[in-house]
Each structure stands twice: as structure tokens, then as C-alpha cells.
Amino acid sequence: MIYYKTFGKQGNKALVLGSSLGTSSNMWNNIVDDLAKNFFVVAFDTRGHGQSQNLGLEPSSVEQFAEDVIEVVDHLNIDKFTYAGLSLGGAIGQMLAIKYPERIERLILCCTAPKFGEPAFWHDRANKVLEGGLDSILEATKSRWYNPGTAETNAFAQSLLDELITFNPVGYANTCKAVADFDVRAKLGEIKCPTLAIAGTEDLSTPVSVMQELANAIPNAELIAVKGAAHIGNVEQPEEFKNAILNFA
């Protein structure tokens, strides 16, 4: 089973948190304690990441990541839950809502997409990491995750970059390949649960326009755009992301 940690009182309404490619459940550390005042929070490390690195050394898929989440909530005897995920975590959320609609009460999709560009980009990144390690993508990742100067002035932002280079390159590369294969654009209309999309106005990876298309394709979804947030939006604008999640979930 993948690694997970819990916060808050078991028995409260469950909120499951999924993190981005290249981060662990620690990505939510700056807001999770506040979320846990209202919810029983379950934060997990995706295969190939954090303390689930040993599970990410074989080819996998976003559908497998969703199955992993179901295994965790079943283990915790959670029937229905609200899910919030960012980037890759948002892709997992879309897959959960499509494959396990009876389990998802509400869905929060942060800085994500139903398809992340062209597969060749992700295969190239996987190969680069396998050849040169995660240090080889550190600067490019920093520029995608954050606004200029954030990592230099925000210790939490820098800690996530420091964690990235500790990951196993094979697990990370296999996750890149899973992202390359991910495309649920034709299935978004199947998502029936209440859905909130949270975009960052400074996000270059999944810009507001992409998030708007995502929200438009999901019945009755709503979109909010957080000013000043780049891709890992909860890092730079924690209050806005936290309040959006609490107000919707």
C-alpha cells in the first residue's frame, strides 16, 4: 500500500489530498493543519514519490494511482470522501471521479488539466532524469512551480525543491510516462459530483485558459482564479487556496 498520513479527528468528513509530480504529501504541509480542523484529512505519497518511492519502480498509470487511493480509503473504512488534488493530484482526482463516481462527494481540481501537453515532452523529461538525475531538471522545475524569487524567499517553497532531488529517478521517470498517457478529455462529461477548479493567474504549466476549458467540460463545475499563484499555488497563496477548499468542501 502507498504511504499516507492522516490529520484531524477520524469520524469527521474525509478530505483526501493528492500532490503534484515531484512532490510528496508534504506539499500540503502549510495548510493541512487548518484543513484538519474541519475534516479528517488523508494525504498520500503517489507511487514513485516520497515514502512510496519503492512502489514507483515499474510502469504505472494515473488509473493505477486512483486505485491506490481507493485502497487507502478502504483500509481506513472511508466510504465517500471529498478529494482535492493539484496538478498530477488533480489528474488522479479526475480519474477517481470517472472510475469511482459513487465514492467521490465533491471534487477540487487545482492547477491541473485533462491532458498535460504532448507525450513527447514527458518522455523526454523521463529520459533526462534517467540520464542525469533529478538535479538535471531542478532549475526548470523551479521556474514552473513558482514565481521568480519565491524559492529564494520562502523556506517552504525551497524545502519542496530540496525534497525533489531525493526521489528515485526511476520512480519519477515512470510517473512522467504515466502523465504522458493521461487523457480524459472525452470523459469529463461523466463527472457528476460538485466540482471546483482552482487556477493560478501566474501558472505557466496549466494556465487559467486550460483550467477554464476543464471546468467548462465538467457539468456544473465552477472556476476560481487565484491572483499571484503559479503552478504549486498553495505554496505562494496558502490562505486563498485553503479558504477556497474549506468554502467548497
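A short reminder: the numbers here are calculations on the coordinates, not readings from a lab. On a predicted model such as this, the values are computed, not experimentally measured, just so you know. All Cβ positions, even for glycine, are placed from backbone atoms using ideal geometry, and neighbour counts span all protein chains on display.
Would you call Asp183 out of contact with any His (no Cβ under 8 Å at 6 or more places or on another chain) and among the acidic types (Asp, Glu)? So Asp183 passes the test. Asp203: touching a His at 6+ places or on another chain (Cβ under 7 Å) and closer than 21 Å to Ile137 by Cα, yes or no? Here the answer is yes, as Asp203 does meet what is asked. Here the strands (runs of 3 or more DSSP E) wholly within the stretch 1-98 that include at least 3 residues being under 14 Å from the mean Cα position of the chain (by Cα) are 14-18, 40-44, 81-86.
When the stretch 41-71 is filtered for residues that are surrounded by 20 or more Cβ atoms within 10 Å (Cβ to Cβ) and closer than 16 Å to Leu15 by Cβ, the ones remaining, listed by number, are Val41, Val42, Ala43, Phe44, Val69. Restricted to the stretch 111-124, and to residues there that are buried (at least 20 other Cβ atoms within 10 Å of the Cβ) and of a type in the set (A, V, I, L, M, F, W, C), the residue that is farthest from the chain's Cα centre (by Cα) is Trp122.
The condition of being under 18 Å from Leu246 (Cβ atoms) and buried (at least 24 other Cβ atoms within 10 Å of the Cβ) holds for only one of Gly85, Gly22, Gly8, that being Gly85. Among the residues of this structure, Val170 counts as one that is surrounded by fewer than 18 Cβ atoms within 10 Å (Cβ to Cβ), within 27 Å of Glu58 (Cβ to Cβ) and either in contact (Cβ under 8 Å) with a residue 24 or more places away in the chain or touching a His at 6+ places or on another chain (Cβ under 7 Å) (or both). Among the residues of this structure, Gly233 does not count as one that is touching a Lys or Arg at 6+ places or on another chain (Cβ under 9 Å) and within 27 Å of Ser61 (Cβ to Cβ). If only residues of the stretch 72-82 that are in contact with a Lys or Arg (Cβ under 8 Å, 6 or more places away or on another chain) and free of Cβ contacts under 8 Å to residues at least 60 places away in the same chain are counted, the one that is surrounded by the fewest Cβ atoms within 10 Å (Cβ to Cβ) is Asp79. Condition first: touching a helix residue (DSSP H, G or I) at 6+ places or on another chain (Cβ under 7 Å), over 18 Å from Asn234 (Cβ atoms) and part of a helix (DSSP H, G or I). Now tell me which residues in the stretch 118-153 satisfy that. Pro119, Trp122, His123, Arg125, Ala126, Lys128, Val129, Leu130, Leu134, Ser136, Ile137, Leu138 - these are the residues of the stretch 118-153 that are touching a helix residue (DSSP H, G or I) at 6+ places or on another chain (Cβ under 7 Å), over 18 Å from Asn234 (Cβ atoms) and part of a helix (DSSP H, G or I).
Every residue, every condition in (1) within 18 Å of Gly18 (Cα to Cα); (2) touching a residue at least 24 places away in the same chain (Cβ under 8 Å); (3) crowded, with 16+ Cβ neighbours inside 10 Å; (4) out of contact with any strand residue (DSSP E or B) (no Cβ under 6 Å at 6 or more places or on another chain), yes or no:
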site	(1), (2), (3), (4)
Leu109	yes, yes, yes, no
Ala126	no, yes, yes, yes
Leu130	no, yes, no, yes
Asp135	no, yes, no, yes
Glu152	no, no, no, yes
Phe182	yes, yes, yes, yes
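Kindly check whether there is at least one residue in the stretch 235-246 that is in contact (Cβ under 8 Å) with a residue 24 or more places away in the chain, touching an Asp or Glu at 6+ places or on another chain (Cβ under 6 Å) and either part of a strand (DSSP E or B) or surrounded by fewer than 22 Cβ atoms within 10 Å (Cβ to Cβ) (or both). Yes, the stretch 235-246 contains at least one residue that is in contact (Cβ under 8 Å) with a residue 24 or more places away in the chain, touching an Asp or Glu at 6+ places or on another chain (Cβ under 6 Å) and either part of a strand (DSSP E or B) or surrounded by fewer than 22 Cβ atoms within 10 Å (Cβ to Cβ) (or both).
Close Cβ contacts (under 6 Å, 6 or more residues apart or on different chains) running from residues in the stretch 205-231 that are farther than 17 Å from Asn243 by Cα to residues that are part of a helix (DSSP H, G or I) and among the aliphatic types (A, V, I, L, M) comprise Ala217/Leu188; Ile218/Leu188; Ala221/Ala215.
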